[in-house]
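Contents: one structure, followed by commentary.
Coordinate-derived values only; no laboratory data. In this text the structure is predicted, and so the values were computed from the model without any measurement. Cβ coordinates were reconstructed from backbone atoms using ideal geometry, including for glycine residues, and neighbour counts include every protein chain displayed.
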Amino acid sequence: MARINLLPWREEQRRQKTVEYGALAGLIALAAGFIVFAAWVHTGHIVDYHKARNQYLQNEIDILNTKLQQIKELEQTKANLLARMNIIQELQRSRPEVVHLFEELVTTVPEGVWLDSIKQAGKTLMIEGNAESNARVSAYMRNLEASEWLKNPILEVIQTAKDARVANFKLSLQQDSLLVAKEDE
């Protein structure tokens, strides 16, 4: 029988399997690298998409904040205009009050009473004047009490000088503005 040496054939088979294994390992490494690269690129696209979306949302939020600021400014302007309108309406409503006040001051002053000064703070009037006697001041206060436009006269001071026949007085009273509102209706 002949002798056959199988060693080179086995060695050749081992070398071939090693090459196949290396090629397969290289191919798997290449595929794994491609998969990692694809995953990295995909993740980068997702991150970029979310960054772009967040930037879009931030831009929209900035636009809405600007609009909210404009709305607040418009509301402030509206409140200022309404306040001015209320003041104008109050002035329009109180315009006839001055006429009624002066008319009542003239018609309530009895003979023998002179008014020196009239000061008004809000609806309160401070009147200073002179009268021939205390009875004339009392008559003046009764006339003020009977007036429709003036109410609550309060005598604060009445003085008579020893050598003069004139009494100085000071009184306060309230102007009634409800009648103006009733007349407007």
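Taking +1 at the Cβ of each Lys and Arg and -1 at the Cβ of each Asp and Glu, which of 146, 96, 86 sits farthest along the dipole of the chain towards its positive end, judged by Cα position relative to the Cα centre?
86
Hey, what do the phi angles of the range 108-122 turn into as Karplus ³J(HN,Hα) couplings, whole Hz, using 6.51/-1.76/1.60 and θ = phi - 60°, x for Gly and Pro?
8, 6, x, 5, x, 10, 10, 9, 8, 8, 10, 10, 10, 10, x
For residue 133, list long-range residues whose amide hydrogen, built 1.01 Å from N in the peptide plane, is under 5 Å from its own amide hydrogen.
HN-HN under 5 Å from residue 133: 167.
Expected output is a single nm value to one decimal: the length gained when fully extending between residue 59 and residue 115, i.e. 0.36 nm times separation in residues minus the C-alpha distance. What is it?
Details: separation 56, 0.36 × 56 = 20.16 nm, distance 7.17 nm.
Roughly 13.0 nm would be gained on extension.
Run down the lysines and flag those whose C-alpha is under 18 Å from the C-alpha of residue 67, throwing out any fewer than 8 positions away in its chain.
78
For the range 1-88, what is the convex hull (Cα atoms) projected area averaged across all directions, in square nanometres? All intermediate terms of the calculation are to be shown ahead of the outcome.
On the way: hull surface 28.8 nm².
Result: 7.2 nm².
Which one, [x] 16.0, 46; [y] 15.3, 49; [z] 51.8, 177, gives Rg and Dmax of the Cα atoms in Å as derived from the coordinates shown?
Label of the calculated value: [z].
So how strong a dipole does the chain carry about its Cα centre when Lys and Arg Cβ are +1 and Asp and Glu Cβ are -1, to the nearest 20 debye?
In total the dipole reaches around 1820 debye.
Number of Lys-Lys pairs in the range 109-184 under 23 Å by Cα, sequence gap 8 or more or different chains? Walk me through the intermediate numbers first.
On the way: 119/151; 119/170; 123/151; 123/170; 123/182; 151/170; 151/182; 162/170.
The number of close lysine pairs in the range 109-184 is 8.
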